[in-house]
1. Take the residues in the stretch 293-348 that are hydroxyl-bearing (S, T, Y) and in contact (Cβ under 8 Å) with a residue 60 or more places away in the chain; name whichever of them is nearest to H116 (Cα to Cα).
2. Can you tell me which of F262, F332 is among the aromatic types (F, W, Y), in contact with a Lys or Arg (Cβ under 9 Å, 6 or more places away or on another chain) and assigned to a helix (DSSP H, G or I)?
3. Within the stretch 289-314, restricting attention to residues that are touching a Gly at 6+ places or on another chain (Cβ under 9 Å) and of a type in the set (D, E, K, R), which residue is surrounded by the most Cβ atoms within 10 Å (Cβ to Cβ)?
4. Here are some residues: L154, L112, L165. Which one is under 19 Å from K2 (Cα atoms), more than 18 Å from the chain's Cα centre (by Cα) and in contact (Cβ under 8 Å) with a residue 12 or more places away in the chain?
5. What do you reckon, is D195 more than 22 Å from the chain's Cα centre (by Cα), modelled with pLDDT under 95 and more than 16 Å from ligand 1 (Cβ to nearest atom)?
6. When you scan the stretch 300-329, how many residues do you find that are farther than 19 Å from G275 by Cα and in a loop (DSSP other than H, G, I, E, B)?
7. Kindly indicate which of K265, K317, K286, K343 is surrounded by fewer than 21 Cβ atoms within 10 Å (Cβ to Cβ), among the charged types (D, E, K, R) and modelled with pLDDT under 95.
8. So L144 fits all but one of (1) out of contact with any Phe, Trp or Tyr (no Cβ under 8 Å at 6 or more places or on another chain); (2) more than 18 Å from G37 (Cβ to Cβ); (3) free of Cβ contacts under 8 Å to residues at least 40 places away in the same chain; (4) part of a helix (DSSP H, G or I); what number is the exception?
Amino acid sequence: MKILNVVGARPQFIKAAVLSRVIRQVPEIEEVIVHTGQHYDINMSKIFFTELDMPEPDINLEVGSASHATQTALIMGRMEKVLLKEKPDWVVVYGDTNSTLAGALAATKLNLRVCHVEAGLRSFNRQMPEEINRIATDHICNILFAPTQHALELLRKEGLGDKSLFVGDVMYDSLLYYKEIVDGKFRLPDFIQTDKYYLATIHRQENTDDITRLKNLFYELGKLNYPVLIPLHPRTRKMIEEKYISNSLIIIEPVGYLEMIFLIKNAIKILTDSGGMQKEAYFLQKPCITLREETEWIETLEGNWNFLVGMKDDLLKEKLKINSFGPQQKYFGDGNAAEKIVKYLVTN
Ligand code: UD1
Ligand code: UDP
C-alpha cells in the first residue's frame, strides 16, 4: 500500500518524522513524502529532515510564502498533479496550516482517502487562520486522529464522532523518543545560564501583525528578572525593529528540534504563542506562559503548568511568580500514537 505524507511547515516535519519512523518498519508500505515548500529556510525545514532521520521529501512543490488564499491555491494546484500520478491509498495531513487544508482539499476532491493527524483542536477564535484550516480539514477528511480525549469530545460535538479516534499525540511520542538524546549535545548561548533564563517563541499572526501589540510584548519581555532567549521565527524577525529589542533579550536564529528540547529543559520557564511549545513545556514539566487569549491545549492549564496571558492583561510578572504546581495527567496518550495511526491505515 502507498501512504502519502503532506508536510510544509516546521511542526509538520516533526509530526511526520514520528509517523515515518513507524511506516518504514512496515515492509508492505511505500511512503511518499510531499513537501509543499511553505517553509523553506534551512533552519525552518531541512534541519528537521536531517536531525530527525527522516527521508528527504520525494517531491517539493516549492510554493514559498504568499497570502493565505494564494498559498493554499498554489499548493492545491500542484498537489493535484502529484496525487493523480502517485494514486496513494492514504493521504496523511498534519495540524492546521495552509499546507494541511490544501493537501486535504486536493485529495478529497480526487476521492482519495485522507486522514487528519491532530484533529479536533479548537480555539473558538475564527480570527485565527489555523482555526479555519482545522475546522475545514476535520469536516472533509475520512478519518480523524484526536490527540486528546477533549479533542475527541469536540469532534463529537461537531457531529464528526463516527470518523474520529483517540490515539494520543504524536508530539508526545516524539518528545519521549528524543528527550534524553539531547543531553550533552548542545551548549547554551553566551550570557545564558541553566535555570536563569526564560525561553520565548513568538510567531502567531495575532501577535506579529499588530505592531503595537508586538512592541508591547517585546517591551514586557525586556523587563523580566532574567534574560529572555528568543529563537526568532522569520515572520516576527521581519516585523520587529532592532530599537524595540532591549539588552536582556537574546535573539537567535530558529533552532532545530533537538536544540529546542535542550533549551526548554534548561530554561526556568517558557513564554510562547506556539502550540507545540506549550505541550513540550508540559511534557518536560516546565511552567509555561502562553502569550495568547486562548489555547487549544486546555489540558496544560491544569495545575498551574500553563497560564494564558494575552495582551489585554498585564499579568505576565504576576503569573511568572507562581511556583506551586499540581499533578499532571496522562492526557496525551501512551507515547504510541504513531503506531496506532499506522495500524489503522494498514488495516482499513
Ligand atoms: C505557519 C502556520 C502556523 C504554524 C507555523 C509554524 C499557516 C496559516 N500558519 O505560520 O499555523 O504555527 O507555520 O511555524 O499555515 N518565512 C521565511 N522563511 C521560511 C518560512 C516563512 O522567511 O522558511 C517568513 C515569510 O516572510 C512568510 C512568513 O514567514 O511570509 C510567514 O510564513 P507562513 O508559512 O505564511 O506562516 P507562519 O507564520 O510560519
Ligand atoms: N521549534 C523548533 N525550533 C524553533 C522553534 C520551535 O524546533 O526555533 C519546534 C518546537 O519545539 C515545536 C515545534 O517547533 O516542536 C512547534 O512549531 P511552531 O511553534 O513553529 O508551530 P506551532 O506548534 O505553533 O504550530
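The values are calculated or read from the model by the stated rules, or taken from the named source; none is laboratory data. Being a predicted model, the structure only gives us computed values, none of them experimental. Cβ coordinates were reconstructed from backbone atoms using ideal geometry, including for glycine residues, and neighbour counts include every protein chain displayed.
1. Per the stated criteria, the residue is Y344.
2. Of the residues listed, the single one that is among the aromatic types (F, W, Y), in contact with a Lys or Arg (Cβ under 9 Å, 6 or more places away or on another chain) and assigned to a helix (DSSP H, G or I) is F262.
3. The selected residue is E296.
4. L112
5. Answer is no for this residue.
6. The number of residues fulfilling the criteria is 11.
7. So the residue among K265, K317, K286, K343 that is surrounded by fewer than 21 Cβ atoms within 10 Å (Cβ to Cβ), among the charged types (D, E, K, R) and modelled with pLDDT under 95 is K317.
8. (4)
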